[in-house]
Amino acid sequence: MSAKDDAELTTRLAAILPGKPEVRVTGVASLGAQRRTLFLDVIENDQTTKAVAQIAGNVLDAADIEKEARLLRGAEKAGVVVPRILGVDVEMGTIISEHVDGESIPRRILRLVEASPKLGSQLASDSGRALAMIHQIPTTEFQDLQDLTSSDRYADEMERLLESLSTPHPTFRLGVRWLRRHKLNDSLEPVVVHGDFRLGNVLASDQGITAVLDWELVHLGDPMEDVAWLCLRTWRFGADDLEVGGFGSLEELRSAYEKAGGEWRDEAFHWWTVARTLWWGLGLARQVQAYMDGDANSIVLAASGRRVVELEYDLLCLMGDA
Amino acid sequence: MLDRPDATTLLKAMAETLSNEVLPATSGGTRHAVRVVANLCRILEREVVAGPTASEQTRQALADLLDDHADATLPDLVAKLDQALRDGDSSSATDDATFDSRVRKVILADVERRLAIDRPGYAS
């Protein structure tokens, strides 16, 4: 980036903030194809505030930014710990939010938990509370989100993903059949579902969760979807004994979830555990396909091909013999 | 006649060189890539040893399950199983569950053989 581009960027960013303070870019968190994330210093009256700017890379992502800003505001109002928004430019597809201290890398957080098991319990109850609050965000403002509440519709969606793969995956086919055979008959009101609540997408300190991030996969759905996702073996990062994210127990998560007003449904929890394991297995299989088709050339995507079998195993164990 | 060192010896040496010599000299994203590649070498080392037998065992189990002729190929059998599961009669839930339970047994054995190559220790 040239000095001129840099100056243009900081001017544009400053224009989004109230009072048009001075803005300095202090670092680059990520340079995705979809989105740039920059660390900023916002300087006003000799006071420096650390901030984060997310800048959409294209029109599609700009629409997501608008949605994300709306959600962050809704989540904050509902009492979820999220970074406070300092400014949004919908046309430019940019959100500037306050910088929150905390660790995001899962293995580092799990090392902290190993050193202090009490932190694990704290993270489990923070997760339960945060999810219960997310599920209580009023849905009126979010009617445009995709609705995946019904188990029938979710099974159809999984079959569609399966059909889009160019190689057969009998284990996943078995998974779709299981989802259909065990479909849920609950009639429930759709809630806001985060869609990717797990280590890697939250910030944590030695005090617990400091912010819930990464709202890109948010949709309307069954609250048990979020809870089940957090409990998949794949998100325990090797700490398999601790069912919840590799850091806590199901009892701790459940009791915090219920205490904060969430309703726990065992049968639905199990159904969604199967459904989300299937979804992630299909996700990895799609990464492999992108690699094989030449659409992506990262060795990490190629290596995903050898992880699909883990999800197959998890799926078979969860489905049991029926 | 193939030359020496053979594939397993070379893959083992490649993994060790990456882990012991290259990894300490790298950082950040490169470090992650080196770890991934070293792990892939170890997967391939195990695959060279156990892969052919694992595939043959699955091939035989699928031929039995699907009543197919004894020399049907593995890709054909997998495609046939997938088709059978896709066309399965979901109106008779009991038959369905019985068939799925037989399929599950064969698939689980195959998955365990693949895990022994791709991620030893995962199925325990």
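The values are calculated or read from the model by the stated rules, or taken from the named source; none is laboratory data. Fair warning: this is a prediction, and the values are worked out from it, not measured in the lab. Reconstructed Cβ throughout: ideal geometry from the backbone, glycine too, with neighbour counts over all protein chains shown.
Worth pointing out:
- Residue match in the range B:2-15 (condition: assigned to a helix (DSSP H, G or I), without any contact (Cβ under 8 Å) to a residue 40 or more places away in the chain and among the acidic types (Asp, Glu)): no
- Set A:ALA239, A:ALA211: member being assigned by TED's automatic domain parsing to the domain that holds A:GLY128, touching a residue at least 40 places away in the same chain (Cβ under 8 Å) and not in a loop (DSSP other than H, G, I, E, B): A:ALA211
- Hey, A:ARG307 at pLDDT 95 or above, within 14 Å of chain B (Cβ to nearest Cβ) and within 21 Å of A:LEU112 (Cα to Cα) or not: no
- The range A:280-304 - residue that is among the hydroxyl-bearing types (Ser, Thr, Tyr) and assigned to a helix (DSSP H, G or I) and, of those, farthest from the other protein chains (Cβ to nearest Cβ): A:TYR291
- Inter-residue pairs, beta-carbon under 7 Å, first over 14 Å from B:LYS80 (Cα atoms) and in the range B:53-67, second of a type outside the set (Gly, Ala, Ser), 6+ apart: B:ALA54/B:ARG113; B:ALA54/B:ARG114; B:ALA54/B:ILE117; B:SER55/B:LEU74; B:GLN57/B:ARG113
- Extreme residue, surrounded by the fewest Cβ atoms within 10 Å (Cβ to Cβ), among residues of the range A:150-184 that are more than 16 Å from A:THR277 (Cα to Cα) and among the hydrophobic types (A, V, I, L, M, F, W, C): A:LEU165
- Checked against (1) at pLDDT 95 or above; (2) not in a helix (DSSP H, G or I), A:ASP314 passes all but a single condition, namely (2).
- Any hit, the range A:121-143, residues being assigned to a loop (DSSP other than H, G, I, E, B), under 23 Å from A:ALA29 (Cα atoms) and not aromatic (Phe, Trp, Tyr): no
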